Amino acid sequence: MIDGFSNTTLSISNLKVAVGPHSVVDGVDIDIRKGEIVALVGESGSGKSLTALSAMGLLSGRVGQSGGEIKLNGQTINPQDEVEMGRLRGTRLSMIFQEPVASLNPLLSVGEQVAESLVVHGRATKAQAMERAVQMLADVGIPEPEKRAKQFAWELSGGMCQRVMIASALIAEPDLLIADEPTTALDVTVQAQILDLMRRLRDKTGTSILIITHDMGVVASIADRVCVMYGGRVVEQAEVHQLFKAPKHPYTKLLLTTIPKLTDAPKQDLYSIKGMVPDIADFPEGCRFRTRCPLADKQCVKTPPLQPRKTFDDGLVACWHSELTETLQ
Amino acid sequence: MMKLLKTLREAFFPKSAKGIPVGVFVAIVAVLVLVAILAPLLAPVGPNTQNLMGRLKPPGTVARGTMFILGSDELGRDLLSRLIYGARVSLSVAFLSVVLSGCLGTVLGMAAGYKRGWVETIIMRVVDIFLSIPAILLAIITVAVLGPGFINVILVLALTRWPRYARVAYGQTLAVANMPYVRLSKAMGASWIRILGLHILPNIIAALSVVATLEFGLMVLFEAGLSFLGLGVQPPMASWGAMLSVGRNYVSNAWWIATFPGICLFLLVLSVNLIGDRLSEYLNPKSR
């Protein structure tokens, strides 16, 4: 069990998630090393949230994991096993969501909710847990934590609630924090503060973070490594600077082109990738991006494998024409 | 504490209230509850004390040194005393059946709304079946099978009325179970028992309390109805419904026997229903 000593916190391999007969996540591989911040990027419907939810075992209804293996610190875990997951959630794996205010129960005090995972897992008595919660609130930069702990979600601002959520997710010192669009509902200044807070906490505790976002600005300011998803597959994966400098997949390249630049001519139309993410019922054969890709040709009917990016990093790309990507404008 | 008092005052005596403030109805119910609790102290004589010489005496008659303030019935029993003891029966049957059916319905409704799947199908279809049969008919049939009596009436009402709560609990649970804070709690490792008890129940209890209040009024009427038909509490136990039933036979020459229990029932049910209405208005943010 060499893997048991490896420094990979979470390893997702060949993950498949299906909604009824359609596969919405189709063979995703992601490794998150200890203390690393990995960003999972993609449009709505690319399967990034489902990937994260299946690692947490929180898929529900008609959505279910149909294949793949998930390892936490080298040990295989079974997300469908409610008993096992109940033990892991909060203590080893935690997750925060995008609606900070709605994510807190309006009838429970903020302190009680921060303390929740300690109480749930019997790590502390209620009084001890509350004490830890106050301390944790101070750690996430909430002024007057004793007072705030007794308040309710609707008495706090959105940014404050997001800090509370982070405190509740990290109080039991999990190995991995999954953050599903944690800053989407916040304004840019608060967004920067929250990202900064997450990075500082990572530096302090060594918790790995998987951050899901569609905002390239968030990726640039927090991530160490990036996975780009399209149509339920990882199309490119690279260290953050390498990815921004030399995107090898046409989708990544076009995604970066959509970011408006200060040097753009005034009143120029904003760039957008033509077409829409296809409906899950009719993804094309082979490369799923080929219907929107300017480089697509006959070869793309075959699914391209994830291959080394042929750059100096250890990145991967899934495209038959990755060497032509640079020529795209 | 002051905040709570203020909220309560605004709930019961809203500044913009049309008509009679709901506080009046709260007071009526409170008085009836007090009368029921203090019955032995308030009643002039025992509810079953007969005075065959003083049968069917109109209100205000003095017989054997005591006055029948509200008259006497066909066995010469003091009507006021029987009304006071009857309040005990009406209120306790209504209260206990509401508590029992409320608990049963809430648990089943929450289970259906949270677990979904076959649990949901079975529970909610049974609810549909129950709701499709006229409730009083169902109650009459069940009493006919189980036999009448104080405890049986409560059981019958609880067993026939739980679907109302199950419906509401189910719908509310569906809504709350999808709230982000339930998802977050799950991601923190909370068990389903904790989620149901700590996150869902407190958030749906408001809607259920409105149903319970409205049901309370209905339960008073059901008990009266069953007793009126002779299927409720049995003689000589005093019940407003049973008194009404007996009074009907004498209504042409002793109007008071049926009138006073009728007034009591009317006041209690009206008050409880109006409180329920105001409560639902107050708890619904759209009408606040």
My understanding is that a pair violates if its Cα-Cα distance is over 28 Å; which of A:LYS150/B:LYS115; A:LYS71/A:LYS150; A:LYS248/B:LYS186; A:LYS150/A:LYS204; A:LYS34/A:LYS126; A:LYS126/A:LYS204 do that in this structure? A:LYS150/B:LYS115; A:LYS71/A:LYS150; A:LYS248/B:LYS186; A:LYS34/A:LYS126
So, in Å, what gap is there between the alpha-carbon centers of the range A:89-163 and the range A:246-323? 40
Computed FRET efficiency, Cβ-Cβ of B:VAL119 and A:VAL83, R0 22 Å: what is it to the nearest 0.05? 0.70
How long, wide and thick is the range B:211-279, going by the Cα atoms along their three principal axes, in whole angstroms, largest first? 42, 22, 15
Given H placed 1.01 Å from N in the peptide plane, which residues other than close sequence neighbours of B:GLY232 have an amide H under 5 Å from its amide H? B:SER227
Whole Å is fine, so just give me how far the alpha carbon centre of the range B:244-280 lies from that of the range B:58-134. 14
For A:ALA179, the residues 5 or more places away or on another chain with a placed amide H closer than 5 Å to its own amide H are A:ILE96, A:LEU210, A:ILE211, A:ILE212
Which value in deg cm²/dmol, rounded to the nearest 500, describes the helix-derived mean residue ellipticity at 222 nm for chain A, given -39,500 (n - 2.57) per DSSP H run of n ≥ 4 and division by the residue count? -8500 deg cm²/dmol
Starting from the alpha-carbon convex hull of the range A:76-175, give the projected area averaged over all orientations, in nm². 6.5
For chain A, go through all pairs of different Cα atoms, get the mean of 1/r, take its inverse, and jot down that Kirkwood value in Å. 20.8
Could you tell me what % of all Cα pairs in the range A:215-257 have separations over 16 Å? 26
At q = 0.18, 0.20, 0.22 Å⁻¹, work out log10 I(q)/I(0) for the range B:151-284 with the Debye formula, treating every Cα as an identical point scatterer and leaving solvent out; two decimals please. -1.00, -1.11, -1.21
Just for the Cα atoms in the protein assembly as shown, what are the lengths along the principal axes, largest first, rounded to whole Å? 114, 58, 52
Once the Cβ-Cβ distance between A:LEU328 and A:ASP279 is put in as r, and R0 is 25 Å, what FRET efficiency do you end up with, to the nearest 0.05? 0.45
Along each principal axis, Cα extent of chain B, largest first, Å: 76, 49, 29
Sorted from fewest to most neighbouring beta carbons within 10 Å, what does the list B:MET67, B:MET110 look like? B:MET67, B:MET110
Would you list which aspartates and glutamates come within 12 Å of A:LYS302, measuring only between C-alpha atoms, while excluding same-chain residues fewer than 8 positions from it? A:GLU285
Taking only the alpha carbons of the range A:173-307, the radius of gyration and the largest Cα-Cα distance, Dmax, both in angstrom, are 17.1, 50
Take every Cα-Cα pair in the range B:23-165 and report what % of them are more than 21 Å apart. 60
Calculated P(r) of the range A:271-326 - Cα pairs past 12 Å, %: 69
Within 10 Å of each Cβ in peptide B:176-183, how many partner chain Cβ atoms are there on average? Round it to a whole number, please. 6
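Give me a single rounded figure for A:87-100: the average over its residues of other chain Cβ atoms within 10 Å of their Cβ.
Mean partner shielding for this stretch: 3.
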Can you give the calculated 222 nm mean residue ellipticity of chain B, where each DSSP H run of n ≥ 4 adds -39,500 (n - 2.57) and the sum is split over every residue, rounded to the nearest 500 deg cm²/dmol? -23500 deg cm²/dmol
If you count, for each residue, the other Cβ atoms within 10 Å and average over each peptide, how do A:129-137, A:147-155 line up from highest to lowest? A:129-137, A:147-155
In sequence order, calculated HN-Hα J values of the range A:77-91 (Karplus, 6.51, -1.76, 1.60; Hz; x Gly/Pro): 10, 10, x, 7, 7, 4, 5, 4, 5, x, 6, 7, 5, x, 8
Using a 10 Å cut-off on Cβ to Cβ distances, tally the other chain neighbours for every residue of A:102-109 and report the average as a whole number. 6
In whole µm²/s, the translational diffusion coefficient that Stokes-Einstein assigns to the range A:27-96, given a Kirkwood hydrodynamic radius over C-alpha pairs, 4 °C and 1.567 mPa s, equals 99
For the range A:174-219, the Rg and Dmax computed from alpha carbons only, in angstrom: 10.5, 29
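Under 8 Å for C-alpha pairs, at least 6 residues apart: give me the relative contact order for the range B:127-244, rounded to a whole percent.
31
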Neighbour-count order for B:PHE266, A:PHE97, fewest beta carbons within 10 angstrom listed first: B:PHE266, A:PHE97
Starting with the highest mean, order B:34-40, A:87-93 by the number of other Cβ atoms within 10 Å, averaged over the residues of each peptide. A:87-93, B:34-40
Could you list which residues have their amide H under 5 Å from that of A:ARG33, counting only those 5 or more apart in sequence or on another chain, with H placed in the peptide plane? A:THR9
Least to most buried among A:TYR230, B:TYR250, A:TYR271, B:TYR181, by other C-beta atoms within 10 Å and fewest first, runs A:TYR271, B:TYR250, B:TYR181, A:TYR230
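Just so you know, all these numbers are worked out from the coordinates, no wet-lab data involved. Treat the numbers as computed from the prediction; the structure is a model and nothing was measured. Glycine gets a Cβ as well: all are built from the backbone with ideal geometry, and neighbour counts include every protein chain shown.
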